Structures are given as C-alpha cells and as structure tokens.
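These notes are about the structure you will find just below.
The values are calculated or read from the model by the stated rules, or taken from the named source; none is laboratory data. Values in this document were obtained by computation on a predicted structure and should not be read as measured data. We place every Cβ from the backbone using ideal geometry, glycine too, and count neighbours over all the protein chains shown. Areas reflect the complete protein model, heavy atoms only, side chains present, ligands, DNA and RNA absent. Shrake-Rupley method; radii C 1.70, N 1.55, O 1.52, S 1.80 Å.
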Amino acid sequence: MGWFDGMKKIAFSLSGDERPFTHHRAEEVVVPLVSGGVACRSGLGSGPVDAGARLTEEGDVVIASPFSGRIVTPTVTPYPTGLRSVPAVRIEVDADDSATAFDPVANPEKAPVADLWARLKDSGLPSFVPGRSLESVFPVGGADEKTHTLVINAADQDLGLCSRIQTVRENAGDLGRAGALLQHMTGAARVRLAVVSGTESSLPKEELGSLEIAAVPADFPQSFDRVIKTRLAAEGVPAAEIRVLPVGLALAIYRLFSEGKLPDYVALTLVGRDGRKKNVTVRTGTSLGTVLDAFGLAVRDYDRVLMGGALNGYAQFSFETPVVPGIEGVTVLEGDAKTPPRPSPCTNCGACVDVCPARLQPNSMGRYCEYNRFEEAEGVEFCIECGLCSHVCPCYRPLKQWFVLAHEALAGSEE
C-alpha cells in the first residue's frame, strides 16, 4: 500500500441519512458549453432544439442538449468550478420532458460491445465530475482497457451529503441492471457497489441483482475513489485493472441505452445555514438561485454558498451559476460581518500534518507548490485532495488548491 499504510482515521464522519428526494422542474435552464474544463463555442442560434441535439461546433467535442424545447438565446454563464464566463445556451424546456435523445437499445446487456462503446463516445454524456472529460473519469476504450474489478461508488464524498446513497435506495433496480450492463461492456470479473458502512441494511438488496456490496469506513475521506482503489489493490487486485465511477454516471450510462435519455436531472443534498438538510432533484442547468428559492434555503449577508459539501465544495460568486451533473450538494455556511480571513505564511504548527490521512507533510509540500515548484514538492503525487489540510490551517493557506494545480501540472508534463 505504500504511502497509504495505516491510513489515519479522521473524526469527521460521512452521512448515511435516509431522506427521500423532493423534485423541482425549472421552466428554463442554462447548459454550459464546457468539456474537460475547456469552454467551447456554440453552433446553434435561437430556435427549437431536440433532446440529443449537438450544441457546440468545437471539433470532436460533443455537448448535447438533455431536453427538447426552445433555445432562447446563446449566452454566457458562470461555471460551478469557478470559471466566470463560459459560452452557454439558455433553453425553455418543453412541458413534457419525456423526449428521448436516442433510440433505446433493446437488451443492452446483450448488445455488441463495440456498438455500445461507440454510442457512448458519441453521445455527449457528461463525466459527472465537473471540469473533467468522460474519458478521464471512465476510459471509453472498450476492449483496450482491461478491467478486473469495477466499483460503482455510491459512498457520499463530503460531510453532510447523502444524495448518493439515497440515489441507490430509490433507483436500486436500475442500478442492478446498470451493473450487469457495465460488466458486459468492460468484461470485469467483479462489479462492486461501494457504500458507507452502516447504510447496507437500508438497501433493497434483492433489486441490486448481482452487485456485490462493499462497505467503506464512515471516516472521511475513506470514500474517495483513490482510497477505495488502494484498498482493493492491497487485496491483490492490480491497480491498473480497477475502475471506479460515480453512481450517477453508472445510472446515466444505463439510461442512455435503455431509455435513450441524457441526464436531465441532478440529485442534490441541500444543507442550510442551520445544518438542516434535504435531498432534492432539479433539472440539469437550473440556476443556483432558483434552487435556493425553490427549497427555502436562506442566504444572508456574509454567508458562503458552496456547490458540494463543506470540505470540498466550490465557493460560488453568482446565483446565476447552473447546476450540472456531478454537483451533489449545495451548502450554505453561516458567516459574519468580520473581515474575511486572508492567507498568511506557514507557521509550521503541524495541524495539517496531524490530519493528513495519507501521512504526508502538506506544510512542506505547500511551500513548493505556492511558487509552482511542483516537482520539488515531495509526496504531492500521493495527495488524494481531501481538503482536510486547508480546513484546519490556522493561516488559511489554500493547500488543497495548490495540490490540485500540482497534479494538473505534473500530469501535463508527462504527456
């Protein structure tokens, strides 16, 4: 296991609350034209649009409309990861949103594998990880990508969030069929469903079919993809043959073939400034402000609004930002009128070292990454981007953000 030997247990626990989804249908949505973190140009003007229609003209990039309706106008929009102005289209959605983007495939779990991969690649299906391409999350390589164990990760990723596990509870039948389809497509010997320990008893196991339930510890960040892969590798499975994908993406792949639909709804846990939470589904592209208003989440002066959870959510600067697949929560953090804290030099207090689950030295790594000396930041390649170091730093140093930049820079240098 290397650097992950004896991974520390953290006092923060993940949620497994059982909270049924409440649904909301916005009449107007905004679809950002972003693929793999890169903004693309629009290829359409105002007028009718069908579900599945391509919305961009950037080479081989496919961004498709999840809805039928009418494009009001090409526009620009903020993006949840912090991009301030990206091309987008504003769509008035048809009252009947049952329109399909593609012809369904009869018995997709028995269809030719090459045909399934080709359709998936050309569909415009989002990655369910904002800012990343589908290929970077789930390699669309078919037989070229050897897979021994496929893990559908239904363990929630941040504090307070419980939308993933509730998705399993309310979509168990489709998820069981998704597991069978993905096993057919990848040739995996095993397909496992990762859930937070303690939630297994609330799952309708008979509907999950042949999916093997694998409980991960409730201690944050044990549910992260990289930690799960490391644990499986320690059991003897070759790390290069383990694939982990979010539960939302697994369901979206199944529904793309079985129903011919692109993901038109996003499942969220809403966490209010008082800590109360609820699970909801909203149309893809619904603005943050509409979500807050529709479900009565109050935001006062100096509060912070995050897309995601309290540790790893993306801080938002505009209520116009649309919700996209892969955003799994909206969290309102209570603020006050004091001057916002500013980063200051590291004092070597060791707080970040104490909480690092991978037993790294974020203080030392941060000093190098702050000045873009990424290759000198010893151990940064083993950082799992959990955000605990930034959370506890009394100097408010943006450690996690620097380590994310380091990973991107180092990955680029290898290409």
When the residues of region 221-236 are filtered to those that are open to solvent by 30 Å² or more (accessible area, probe 1.4 Å) and not small (Gly, Ala, Ser), which remaining residue is farthest from Phe12 (Cα to Cα)? Glu235
Given the criteria open to solvent by 50 Å² or more (accessible area, probe 1.4 Å), touching a residue at least 12 places away in the same chain (Cβ under 8 Å), more than 30 Å from Gln401 (Cα to Cα) and in contact with a Lys or Arg (Cβ under 8 Å, 6 or more places away or on another chain), does Glu58 qualify? no
Going by the conditions given, is Cys356 hydrophobic (A, V, I, L, M, F, W, C), buried (at least 23 other Cβ atoms within 10 Å of the Cβ), farther than 30 Å from Thr286 by Cα and touching a residue at least 40 places away in the same chain (Cβ under 8 Å)? yes
Of the residues in region 204-220 that are over 30 Å from Cys356 (Cα atoms) and touching a helix residue (DSSP H, G or I) at 6+ places or on another chain (Cβ under 6 Å), the one that is least open to solvent (accessible area, probe 1.4 Å) is Leu208
For region 326-343, state whether one or more residues are at pLDDT below 95, over 22 Å from the mean Cα position of the chain (by Cα) and either outside any loop (DSSP other than H, G, I, E, B) or among the acidic types (Asp, Glu) (or both). yes
Qualifying residue in region 273-296 (condition: open to solvent by 30 Å² or more (accessible area, probe 1.4 Å), closer than 22 Å to Pro246 by Cβ and not in a loop (DSSP other than H, G, I, E, B)): yes
Out of region 331-352, which residues are open to solvent by less than 40 Å² (accessible area, probe 1.4 Å) and free of Cβ contacts under 8 Å to residues at least 40 places away in the same chain? Gly335, Gly350
Residues being more than 17 Å from Ala351 (Cα to Cα) and at pLDDT 95 or above: count how many of those fall in region 382-401. 0
Residues that are crowded, with 18+ Cβ neighbours inside 10 Å and of a type in the set (Gly, Ala, Ser), drawn from region 391-415: Ala406
Any residue in region 306-321 that is exposed (fewer than 15 other Cβ atoms within 10 Å of the Cβ) and at pLDDT below 95 sitting within a Cβ distance under 8 Å of a residue that is β-branched (Val, Ile, Thr) and in a strand (DSSP E or B)? List the pairs, counting only those 6 or more apart or interchain. Ala315/Val305
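Out of all the residues in region 61-83, which are of a type in the set (A, V, I, L, M) and either open to solvent by 40 Å² or more (accessible area, probe 1.4 Å) or not in a strand (DSSP E or B) (or both)?
Residues of region 61-83 that are of a type in the set (A, V, I, L, M), as a first pass: 61-64, 71-72, 76, 83.
Once the filter is applied, which keeps residues that are of a type in the set (A, V, I, L, M) and either open to solvent by 40 Å² or more (accessible area, probe 1.4 Å) or not in a strand (DSSP E or B) (or both), region 61-83 yields Val61, Val62, Ile63, Val72, Val76, Leu83.
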When every residue in region 364-390 that is of a type in the set (A, V, I, L, M) and closer than 14 Å to Pro221 by Cα is compared, the one surrounded by the most Cβ atoms within 10 Å (Cβ to Cβ) is Leu388
Kindly list, by first and then second residue, each pair from a residue in region 179-201 that is within 28 Å of Phe220 (Cα to Cα) and among the hydroxyl-bearing types (Ser, Thr, Tyr) to a residue that is open to solvent by less than 10 Å² (accessible area, probe 1.4 Å) and in a loop (DSSP other than H, G, I, E, B), limited to pairs with Cβ atoms under 7 Å and residues at least 6 apart or on different chains. none
Can you tell me which residues in region 84-123 are closer than 22 Å to Ile327 by Cβ, at pLDDT below 90 and surrounded by 17 or more Cβ atoms within 10 Å (Cβ to Cβ)? Ala101
Considering only region 237-253, state which residues are of a type in the set (A, V, I, L, M) and either without any contact (Cβ under 8 Å) to a residue 60 or more places away in the chain or open to solvent by less than 40 Å² (accessible area, probe 1.4 Å) (or both). Val237, Ala239, Ile242, Val244, Leu245, Val247, Leu249, Ala250, Leu251, Ala252, Ile253
